[in-house]
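None of the figures in this text is laboratory data; all of them are computed from the coordinates on show. If you're wondering where the values come from, they're calculated on a predicted model, not measured in any experiment. Ideal geometry is used to build each Cβ from the backbone, glycine not excepted, and the neighbour counts take in all protein chains shown.
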Amino acid sequence: MSTFDLLVNGTRHRVASWDPQQPLLYVLRNDLGLHGAKFGCGVGQCGSCTVLIDDKSTRACHVTVAAAAGKRITTIEGLGSPEKPHPVQAAFIAEQAAQCGYCTTGIVMSTVALLRATPRPTPEQIKTALDANLCRCGSHDRVLRAVARAAGDGRA
Amino acid sequence: MDTTALSRREFLSTAALIVGFSFAGAPGARAQAVSGASTHTLDLSEVDAFLAVRRDGTVVVYSGKVDLGTGHRIAMRQMVAEELSIEADDVHRIELIEGDTALTPNQGPTAGSSGVMRGGVQLRQAAATAREALLALAAAKLQRPPAELTLEEGLIGAINGGPKVSIAELIGNRPFNVKLNPKVLLKDPARYSVVGRSLPRPDMAAKVTGRHVFVHDLKLPDMLHGRVVRPSAVGAKLIEVDEASIKHIAGVRVVRIESFLGVVANDEWAAVRAARELKARWSAGTGLMGDDAVAAWARRGPFARDEVLVNKGDTSALASNPKTLRATYFWPVQSHASMGPSCAVADVRADHATIWSASQATHRYQPAMAHLLGLPREKVRVIYLDGSGCYGMNGHDDAAADAALLSKAVRRPVRVQWAQEDELGWDPKGPPQLIDLRAALNDSGRISAWEAEMYVPLATASLAYVPLLGPTDAGIAQPAGQAVGLISQNADPPYTTANLKVTAHWLAGAPLRPSNIRAPGKVANCFAVESFVDQLAAVAKIDPVEFRLRDLADPRGVEVLKRCAALIGWTPRPSPAPASSSGNKARGRGISYVHYKHNETYVAVAMEVEVDRASGTIRVQRIACAHDCGLMINPDAVRNQVEGNILQALSRTLFERTTFDRERVTSLDWTRYPILRFADVPELRIDLIQRRDQPPLGAGEASSTPVPAALANAIFDATGAQMREVPFTPERVKAALREAG
């Protein structure tokens, strides 16, 4: 058993893992009880498990707990809550930008990363930034509207 | 009377257990019978099966239909609220319990766009009957005739004032004991104040903040994580397991039941690694035909039987008419391709079991689970919890069976989540379809005769449920046969034709285990019919919209076609477009229309595309859709479904085909089974027609059906190339361009 110090949503956690190669996703979901990041493909192709590591959109299924140790990790739970949503989350609620919602938290995280780096993205920049996030229900159009709304609010 | 005896203690312990794990918001967590202390009726003729009022006046709705990301959670509440005079601001206070075999009536599977159309309509009738019963109770209490009373915000009183009585006081925590009144007076749609409004979905905030509880997130005390090792080939038998191959992973237990092989562990990552690294020896599989052989197989058979579905007038002249037009269309095997692999949690005890599943049909699979566990049906409770979106039966029922088998073996609650290769590889697939069309025009360019011959897998009559993977491998008998959904509808054109014949050549098997996939069969049939209609219009040299409108009798169909054409800015002229000289890029527009199942929702879809002749790539620039599903309970929820239908059908048309060799599926990730991405999303223009005076119809499927033909027709308009096989890959586009000259 090795231990790792994780800084998640501003709180330091010491977690133990028998395998330093364990993906961060399992630690977030099972050890820390943060189930907003979802297991999709396990190989970094779909974006359902997206979190921010040092403000960069990162696939939690594809980064090991060892590699994540010591870095600043933000999960969807660290943005806002149903009662007090983050502006990007508020924009998604305003546009009702989800169907099943399984991919949605990952898309929200990628949107936050985009708007932190590019506060006023063009429609093409939005599509490019989200292109590695897949959605099967076809919520894309209202997601694009939500991102544009959040960018218009300029508070990501 | 179908009454399930419920132990109140059992419910309370379930509730406490989940609350203890901070899942207080989980559907099913708080679930308990309200009316009656020890029994709760599931009888579809009883109001109590659908509705209860708590002591505090809260209305509880029991819905057998579930929300698959479709917005039912708000729509069902709105339908009930309207009849019970609950204000829009209070709609979210209605409690909704979904898809729980112990608590919700069996309203049939959530499939076929039946959620609102049938399930919601039943709830509405129950609510209206409840209102009638409440007014009668109040009349007795207040000593006034019911006709003089009115229900508002949970209080009943005389219209002209005086004392009031609350519904909580009248019926709180007590059963109605009233039969559903089929003739109950429903609220006049002209007075609707809740139905017809785009109220926000109650689950949206939780979904975008990561607080929504999916079945993937359920955690029970003592729960183990399980993974299943699927055979190396379809039908392969397990010969030998080398447990020493995973001895470097601590705390893993291997479960083997004949050819069913799984692992369980306290630690999820240990289970994942063990499943990947466990060495097993399998026999050869039972053999697949390979994806390239499917079209030839469909034409060759073996066939179970032929069936003439429509036969009107006389089409025999088509065989000898030199001007008869012929075309063959092919739709490949496709996956539901859910974003998250299927997951389920089972807690199997010695004499009862609880299974949390994302099933579209908890009631249908309750006997399946009971059978594989060797328990009486009433001792198995299946509770719906949200999964990753499904569009027909994906892997969720198989995952539930896997969890049940593992939990029974280890006597602990087990959560099973599939890997992505399990989902794309082993989910029951959308079946292939081969369609031959023949038609001729008369002297005025109208369809004189039409024949359709479909080569499609036969649905087994009265199949109890789709045979499940885990129990099959475990040697537990499963129903023999297959399900495909109603795949033979809409192969006859919606335009008046004197001579018409539709024949289904029912194939006895299928290349891979099939199930229903969104708008079963109708997507491919409408692709064939509406593409072929444009071929006929081109021969007649008539504008495709005009060609359709000339022989379209139904005014609601006419309206969606006209509105859709207006929305895309349609300029009438025959297709193909006059050749343009702008290099390799060719632009065109196409339209397509469906009257879903010939008796449900009306949809027209048009699109504008640009085709790169050199590369064969298609760029869809704009899609317009006009949609009439009768009364819309929640227009934004309908719009969400229509957007999703259009984009998913576009994905299926442009990209999707399950590949498989002689042993197993090979399109196991998102590079080999690509789906639509954000960069592919065109501009959408959607026109929803609200018809308050009409019954509500389904919105979950219909608008996917005209999409493939609208795209094919736009490509034809742009280039003269005829796309007759899905997906429209660049190679196929280039081949069609060569054929068109």
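In table form, for the structure just shown:
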| quantity | calculated |
| --- | --- |
| Anisotropy class of chain B from Cα gyration tensor, a/c 1.5 cut | oblate |
| GNM top mover of A:88, A:15, A:51 - chain A, alpha-carbon springs below 10 Å | A:15 |
| Rg/Rh ratio calculated on Cα atoms of the range B:205-346 (Kirkwood radius) | 1.20 |
| Packing-based exposure ordering (other Cβ within 10 Å, fewest first) of B:444, B:342, B:335 | B:444, B:335, B:342 |
| Helix-derived mean residue ellipticity, 222 nm - over chain B, DSSP H n ≥ 4, -39500 (n - 2.57), to 500 | -8000 deg cm²/dmol |
| Distance in nm between pseudo-label sites at residue B:599 and residue B:314 (7 Å out along the Cβ direction from Cα) | 3.0 |
| Fraction of beta bridges assigned by DSSP in the protein assembly as shown that are antiparallel (%, nearest 5) | 75 |
| Solution diffusion estimate, µm²/s, Stokes-Einstein, chain A, Kirkwood Rh from C-alpha pairs, 37 °C, viscosity 0.692 mPa s | 211 |
| Relative contact order of the range B:425-500, defined on C-alpha pairs under 8 angstrom at six or more residues apart (%) | 30 |
| Average Cα contact separation per residue, chain B, under 8 Å, 6 or more apart, as relative contact order % | 13 |
| Neighbourhood net charge (10 Å Cβ-Cβ; Lys/Arg +1, Asp/Glu -1) for residue B:91 | -1 |
| Residue B:192 paired with residue B:150, simple spin-label distance in nm, labels 7 Å along Cα-to-beta-carbon | 2.1 |
| Cβ-Cβ FRET estimate between residue B:692 and residue B:93, R0 fixed at 25 Å, reported to 0.05 | 0.50 |
| The range B:307-446 - percent relative contact order, Cα under 8 Å, separation 6 or more | 38 |
| Dimensionless Rg ratio for the range B:420-527, taking C-alpha atoms and the 2.2 N^0.38 Å reference | 1.35 |
| Global geometry of the protein assembly as shown, whether rounded, prolate or oblate, following the gyration tensor of its Cα atoms and the 1.5 cut on a/c | rounded |
| B:693, B:427, B:636 arranged by Cβ crowding within 10 Å, fewest neighbours leading | B:693, B:636, B:427 |
| Förster radius 51 Å - calculated FRET efficiency between residue B:55 and residue B:579 (Cβ-Cβ, nearest 0.05) | 0.10 |
| Exposure proxy order (Cβ contacts within 10 Å, fewest to most) of B:501, A:71 | A:71, B:501 |
| Sum of -39500 (n - 2.57) over DSSP H runs of 4+, divided by residues of chain A (222 nm, nearest 500) | -9000 deg cm²/dmol |
| Using θ = phi - 60° and Karplus 6.51 cos²θ - 1.76 cosθ + 1.60, couplings along the range B:377-385 (whole Hz; Gly, Pro as x) | 3, 6, 9, 10, 10, 10, 10, 6, 9 |
| Theoretical FRET efficiency, 1/(1+(r/R0)^6), r = Cβ-Cβ of residue A:3 and residue A:81, R0 35 Å, to 0.05 | 0.75 |
| Greater than 18 Å apart at Cα, pairs in B:237/B:279; B:429/B:522; B:501/B:541; A:38/A:71 | B:501/B:541; A:38/A:71 |
